[in-house]
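Novice: First, the structure itself, so that you have it in front of you.
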Number of protein chains: 2
Amino acid sequence: MSRRTESPDELVARARDGEARAIGRLISQVEDGSSLLREVMAALTPYAGRAHVVGLTGSPGVGKSTSTNALVAELRGRDLRVGVLAIDPSSPYSGGALLGDRIRMSEHATDPGVFIRSMAARGHLGGVSRATPQALRVLDAAGCDVILVETVGVGQSEVEIARLADTTIVLLAPGMGDGIQAAKAGILEIGDVYVINKADRDGADQVRRDLRSMLALAERPEGAWRPPVLKTVASAGEGAAEVVDAIDAHRAWAGESGELERRRVRRARDEIEAIALTALRERWGSVDEGNRLDGLAAAVVAGESDPYAAADGLLDD
Amino acid sequence: MSRRTESPDELVARARDGEARAIGRLISQVEDGSSLLREVMAALTPYAGRAHVVGLTGSPGVGKSTSTNALVAELRGRDLRVGVLAIDPSSPYSGGALLGDRIRMSEHATDPGVFIRSMAARGHLGGVSRATPQALRVLDAAGCDVILVETVGVGQSEVEIARLADTTIVLLAPGMGDGIQAAKAGILEIGDVYVINKADRDGADQVRRDLRSMLALAERPEGAWRPPVLKTVASAGEGAAEVVDAIDAHRAWAGESGELERRRVRRARDEIEAIALTALRERWGSVDEGNRLDGLAAAVVAGESDPYAAADGLLDD
């Protein structure tokens, strides 16, 4: 196969035709911070803004991969094109994603209406890849109707996913310790749809009751979305239709209430800010600029300056 | 008690006299982003740079609090002033630290030579509080000889702690699943001292052997630090003296080799950068500036611009 370099426009055209290799190459350019990235993003712009981004998060062991699989099957049954981004919160040092794209979700591996990609969280403290918003943009422009972004809920990664998503699904399962742990109280504020997976196991109804009573404590203004608490047995595909219906209902509400627009502006805001801050950090830390930041840091360590004065110096440049 | 507002200089003077209330108030100002922060930091500068910062991290259940307790006792036995910052990776939404300062480490609660503070990781994606470097600066200027920064190793928080610390201790314990999990391979690159706690339990020697053979695989140049692997029973205080000796040895090596200076410059660099980036984000997002960022984000969502072009616009202002 020839490895001729394709222009961003060619790649985007082929991605829009559903060619998995082109989509994959665009996401790689996004991940690697390719020098073509600006051109790629500009080429994607006319086609972006249509996909519904669904975040899927939960503690290890609740069945995220199985649930993703079941949701993909249900969405495909409704004739929708689906993208899946699985974010692996692996160490920034270890590099590669823990789970291969091909090993996972082999059921859908040959379906041209499904594009699956694992991304490592490398280089970004917090668990969600820095490149995720841009990868979403690629899948969106490539014509995905729904994009599932799946991540394990450790650290603050679930909060980061919620900031990216149009609709956030929080997965729970019975027998995962103290039901809804106090330490995970944050999940009560991020879920648009709650799913108790492994609902055929003992304790599922208890988890549902506990969750519902905790959700009931939140004050919600008139007309606010009230997150449903559904039950699934993802390994048997049970309940997936209800989850997709709930996503649809949330999407409809969010569209009418203005919440969808609000979330998308926030997502774009985060994305622009991250790009601008990355550019600034590169500028400050680059050797060409005499490594201004290292000089200021040495002055702080030597007690000749304090960090605020040093930051002022950096911004004055 | 009168709540007269004290000047930063007064507070710093009282903190340097070891007055816990003054230290606590300075750290609160740091956490809250007080408007006095610049003045406070300037007032601290002449006194900072002496404390040795020791990071302590490990998975939930390895005995971090007990180990911190044992190390504090050992350091106090050597007549050193000790600061403890316990970083709680609680949700950024939930706000308060999970563990109260007073409930924890009650053994040392009345010792004027020990200052203990819990900090929530709120407002900062990743698990380590944004305010940690400044809180270290407060404890440093207040005359602490050693500052222990303790955090649970979830997400990338252990990597963040390693970036802050002069010496990083990684705690392990037998019976915590698959020994040293592949997913945690990153710990092999951050520890300066490894401690197998709960060494009276079955499997401790196996964990030690496994860890040593994994550490042996790393290529280390001539003269590099070779991290020791120690055993403790923190609940009985066993092994704490050897851990403190290892910290001392690492400190001596780091001072001679230039590594200590390198790490402190990196810490100051991170701190300056964080302050500058926070200032920029506030400027970009402030209503006074017509909320430039929101306007750019709305244009991206409307498909009129792409995020790179928008970031250029932000930086050109």
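Novice: Within the group A:VAL193, A:VAL301, A:VAL265, which residue is of a type in the set (Val, Ile, Thr), closer than 25 Å to A:SER157 by Cβ and free of Cβ contacts under 8 Å to residues at least 12 places away in the same chain?
Specialist: A:VAL265
Novice: While we're on this one: Go through (1) outside the structural domain of B:LYS231 (by TED's automatic domain parsing); (2) over 17 Å from the mean Cα position of the chain (by Cα) for B:VAL62 and report which single condition fails.
Specialist: Going through (1) outside the structural domain of B:LYS231 (by TED's automatic domain parsing); (2) over 17 Å from the mean Cα position of the chain (by Cα) one by one, B:VAL62 breaks only (1).
Novice: Kindly list, by first and then second residue, each pair from a residue in the range A:27-50 that is more than 10 Å from chain B (Cβ to nearest Cβ) to a residue that is assigned to a helix (DSSP H, G or I), limited to pairs with Cβ atoms under 6 Å and residues at least 6 apart or on different chains.
Specialist: Qualifying pairs under 6 Å: A:ILE27/A:ALA135; A:ILE27/A:VAL138; A:GLN29/A:VAL40; A:VAL30/A:GLN134; A:VAL30/A:ALA135; A:LEU36/A:PRO8; A:LEU36/A:GLN29.
Novice: Here is a further query. Sort out which residues of the range A:192-209 are crowded, with 16+ Cβ neighbours inside 10 Å and part of a helix (DSSP H, G or I), and write them in order of number.
Specialist: Across the range A:192-209, the qualifying residues are A:ALA204, A:VAL207, A:ARG208.
Novice: Related question: B:VAL53 versus (1) under 20 Å from A:ASP312 (Cα atoms); (2) modelled with pLDDT of 90 or more: which is the lone unmet condition?
Specialist: Checking B:VAL53 against (1) under 20 Å from A:ASP312 (Cα atoms); (2) modelled with pLDDT of 90 or more, the one that fails is (1).
Novice: Could I ask something else about it? If you take the residues of the range A:1-49 that are modelled with pLDDT under 85 and among the hydroxyl-bearing types (Ser, Thr, Tyr), which of them is farthest from A:GLY143 (Cα to Cα)?
Specialist: My answer is A:SER2.
Novice: Can you name the residue in the range B:220-268 that is among the acidic types (Asp, Glu) and not in a strand (DSSP E or B) and, of all such residues, is nearest to the other protein chains (Cβ to nearest Cβ)?
Specialist: B:GLU261
Novice: If we scan the range B:269-284, do we find a residue that is farther than 30 Å from A:VAL300 by Cα and facing chain A (nearest Cβ under 7 Å)?
Specialist: Initially, the range B:269-284 is screened for residues farther than 30 Å from A:VAL300 by Cα, giving none.
Checked against the condition, which is being farther than 30 Å from A:VAL300 by Cα and facing chain A (nearest Cβ under 7 Å), the range B:269-284 yields no hits at all.
Novice: Another question, then. Looking at the range B:51-67, which of its residues are within 14 Å of chain A (Cβ to nearest Cβ) and surrounded by fewer than 20 Cβ atoms within 10 Å (Cβ to Cβ)?
Specialist: Result: B:SER59, B:PRO60, B:GLY61.
The values are calculated or read from the model by the stated rules, or taken from the named source; none is laboratory data. Not measured: the values here are computed from a predicted model. Glycine gets a Cβ as well: all are built from the backbone with ideal geometry, and neighbour counts include every protein chain shown.
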